[in-house]
Amino acid sequence: MNLESQKKTIKVVAALIEVNGKIFCAQRAYGELKGKWEFPGGKVEVGETNEQALVREIKEELDTTIVVDSFFTNVVYEYPTFILDMDVYRSHVSEGRLEVEDGIHLAEKFVPVNELEMLDWCPADFSIAEKIRRNIL
C-alpha cells in the first residue's frame, strides 16, 4: 500500500460573497499556509449539512451571519499531507460586517474580480479565483 492512499480527506466548505463586483477574501493567520489568501469557511462537523457548517464557520470566524444562496463549485486539491475536498457556495451577508477574529485571519478585503489573480492564494482556492475571474460567477 502506498502512502498516497493513506492521506486523510478533509471536507470543508467556503463562502463566495460578492458585493458590487468585489469578492470577499481573507488572509490566513496560522499553519503552513499562513499569509496566503482564501475564501472563508471551514470544516464540516459530523451531523452538519454543508450549509449549516458554512453558516457556523462564518459566524465563528467573522462574527457575521450569512445566508447560503447556491452551490458554486467543488475543488479537490491534494496537499502533501492531506486531501482537501471543498464545496463553495454563493452566499450573502444578512447581519454583521465580516470582521476577522484574532488568530484565524490576518486581514480581509473585498477584491475586484479583475484583481483576484494578484493575491497569493492557498493552492486549493486558486482555482476558485480563476473560475470567478473567467466570469463564471
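The values are calculated or read from the model by the stated rules, or taken from the named source; none is laboratory data. All values derive from a computational prediction rather than experimental measurement. Neighbour counts are summed over all protein chains in view; Cβ atoms, including those assigned to glycine, are modelled from backbone coordinates with ideal geometry.
The C-beta contact set for segment 116-131 (first residue within 13 Å of THR73 (Cα to Cα), second residue surrounded by fewer than 17 Cβ atoms within 10 Å (Cβ to Cβ) and aromatic (Phe, Trp, Tyr), distance under 7 angstrom, 6+ apart or interchain) comprises ALA124/TYR77. LEU98 meets each of the listed conditions (1) under 24 Å from LYS7 (Cβ atoms); (2) part of a loop (DSSP other than H, G, I, E, B) apart from (1).
I'm trying to understand the selection: among the residues of segment 71-110, which are of a type in the set (S, T, N, Q) and either touching a Lys or Arg at 6+ places or on another chain (Cβ under 7 Å) or more than 18 Å from LYS22 (Cα to Cα) (or both)? Passing the criteria: THR73, ASN74, THR81. Residues that are over 19 Å from MET118 (Cβ atoms), within 15 Å of the chain's Cα centre (by Cα), modelled with pLDDT under 95 and part of a loop (DSSP other than H, G, I, E, B) do occur in segment 21-30.
Being among the charged types (D, E, K, R) and closer than 16 Å to ILE10 by Cα holds for only one residue in ASP85, ASP63, and it is ASP85.
Looking only at segment 31-46, which residues are in a loop (DSSP other than H, G, I, E, B) and touching a Lys or Arg at 6+ places or on another chain (Cβ under 7 Å)? Those that are in a loop (DSSP other than H, G, I, E, B) and touching a Lys or Arg at 6+ places or on another chain (Cβ under 7 Å): LYS34, GLY35, LYS36, VAL44.
Residue-wise test of (1) loosely packed, with under 15 Cβ neighbours inside 10 Å; (2) part of a loop (DSSP other than H, G, I, E, B); (3) among the aliphatic types (A, V, I, L, M).
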position	(1), (2), (3)
GLU48	no, yes, no
GLN52	yes, no, no
VAL55	no, no, yes
ILE66	no, no, yes
VAL75	no, no, yes
PRO80	yes, yes, no
LEU84	no, no, yes
VAL93	no, no, yes
